[in-house]
Amino acid sequence: MDQFDFKEYYDDIVAMAISYAPKLILALVVLFIGYRIIKMLERLLKSWALKINMDPALQLFSVNLLRWTLKVLLFIAVADMIGVKTTSFVAIVGAAGLAVGLALQGTLANFAGGVLLMVFKPYKVGDLIESQGVLGNVKEIQIFNTILTTPENKTAVMPNGAIMNNHMINFTTEGKIRVDLKIGVSYKADISQARKAILSVMEADSRVLKSPAPLVAVAELGDSSIVLAVRPWCDPAVYWDVYFETLENSKLALDQAGVSIPFPQLDVHMIQK
C-alpha cells in the first residue's frame, strides 16, 4: 500500500490557506462584531420594552424573535463571505416559511392579534368586555387567546385575531357603567309616585353613584303598561349586583307605594247590532 505523500499536496494546501485565510479571518471578525451588535440590540429592545411597560410575555417573545432572526441573517452573511453558496439555502428557508405561513394562517392571525393586544392594551385583566356576542371579565390574556369568565361562571376562550378584527366593547375603561332597566307600571298609576319609589331605592344603595345621578323617565307607552327607563350608574365590578337588586327592590318599593305592575292585557269591545 502506497504511503501518503504530504509533500505532493503541500503546495495545494498552502495555496488554499493563503486564498481562504483572509476570508476566514474577515468572517470571524464579522461574526464576533455581529454577535456584539445583536447583544446590544437585545439590551436596547429590553430597555424600550420596560420603558413602555410592555407585557412580560410579549417582551420575552420579542427579544427571542429579534435574537434568532439576526443570528440567522448573520450566519447566512458569514457563510457567504467564506464562499458557501447560500442562494439555495435562502430559497429553501423562504419556501418553508411560506408553507408554514399558509398552513397556520389562523394561528398566525391569533398570534398577531395577541401582539397587538399586548402593545395597544384595549383591555386588561379584570376588565368587563363583550366580543363576538360573549360578555365576561378578562381572566387571562395569552399570546393566542383571551380567557373570559362569563356572569354564569363559564370559561370562554376567545381567539385574539377575532377580537382585534371585530367589534369589541370595554365596559370598564371609563371607570363607571350605566345599568339599563325597564319597569312597566299601570296606566292608572301615578307616574310621579312610581318615579319617587324607584329613585328612593337607588338613592339608598351605596353602590349607585351620585354622579351621574340615577334617572327614572318614561321610555315607552306600551300595549299594557307605561314603560319606565331606570338608569343607575355604578362601578363595573358590581354591575350585576346593582342590576338584579335594583330590579327586585324596585318591585318591592312599587308594591309598598301601591303602584301596580300590570299583566299583559287586551281590551275587547263588543258591538251589538
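Throughout, read-outs are computed from the coordinates displayed, never taken from laboratory work. Only a predicted model underlies this, so the values are computations on that prediction, with no experimental measurement involved. Glycine gets a Cβ as well: all are built from the backbone with ideal geometry, and neighbour counts include every protein chain shown.
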Checklist entry - Which ³J(HN,Hα) values in Hz, rounded to whole numbers, follow from the phi angles of region 42-47 under the Karplus curve 6.51 cos²θ - 1.76 cosθ + 1.60, where θ = phi - 60° and Gly and Pro get x? => result 4, 5, 5, 5, 4, 4
Item to check | Cα extents of region 177-256 along the three principal axes, largest first (Å) | outcome: 37, 23, 20
Checklist outcome for this item: Pseudo-spin-label distance ILE143 to GLU248, built 7 Å along Cα→Cβ, given in nm, is 4.6
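Determine the gain in length on full extension of the stretch LYS210-ASP80; use 0.36 nm per residue of separation and subtract their C-alpha separation, reporting nm with one decimal. Numbers along the way, then the final one.
Values: separation 130, 0.36 × 130 = 46.80 nm, distance 7.18 nm.
The span from LYS210 to ASP80 would gain 39.6 nm if fully extended.
For the pair ARG36 and VAL238, what calculated FRET efficiency results from E = 1/(1 + (r/R0)^6), where r is the Cβ-Cβ distance and R0 = 41 Å, to the nearest 0.05?
Details: r = 55 Å, r/R0 = 1.35.
With a Förster radius of 41 Å, E is 0.15.
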Checklist entry - Between GLU152 and GLN132, how many nm apart are label points set 7 Å from Cα along the C-beta direction? => result 1.6
Checklist outcome for this item: Amide H contacts under 5 Å for ASP127, restricted to residues at least 5 apart in sequence or on another chain and with H modeled in the peptide plane, are VAL138
Checklist entry - Check GLY222: other-chain or 5+ apart residues with amide H under 5 Å from its amide H, H built from backbone geometry? => result VAL227
Checklist entry - Using every alpha carbon pair in region 122-170, what percent of pairs falls into each 10 Å bin from 0 up to the bin containing the largest distance? => result 30, 65, 5
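If neighbour count is taken as other Cβ atoms inside 10 Å, put LYS51, LYS23 in order from fewest to most.
Working: LYS51 8, LYS23 12.
Starting with the residue having the fewest Cβ neighbours, the order is LYS51, LYS23.
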Checklist entry - Mind listing the phi-derived Karplus ³J(HN,Hα) values for region 249-261, rounded to whole Hz, using 6.51, -1.76 and 1.60 with θ = phi - 60°, and x for any glycine or proline? => result 5, 5, 4, 5, 5, 5, 5, 5, 7, x, 9, 8, 9
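Using Cβ contacts closer than 10 Å as the measure, can you line up MET164, MET81 from fewest to most? Could the numbers behind the result be given before it?
Working: MET164 20, MET81 17.
Fewest-to-most Cβ neighbours within 10 Å comes out as MET81, MET164.
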Checklist entry - In nm, to one decimal, how far is the GLU203 label point from the ILE261 one, both placed 7 Å along Cα→Cβ? => result 2.2
Item to check | Phi to ³J(HN,Hα) by Karplus 6.51 cos²θ - 1.76 cosθ + 1.60 over region 159-171, Hz, x for Gly, Pro | outcome: x, 5, x, 5, 5, 6, 9, 9, 5, 9, 10, 10, 7
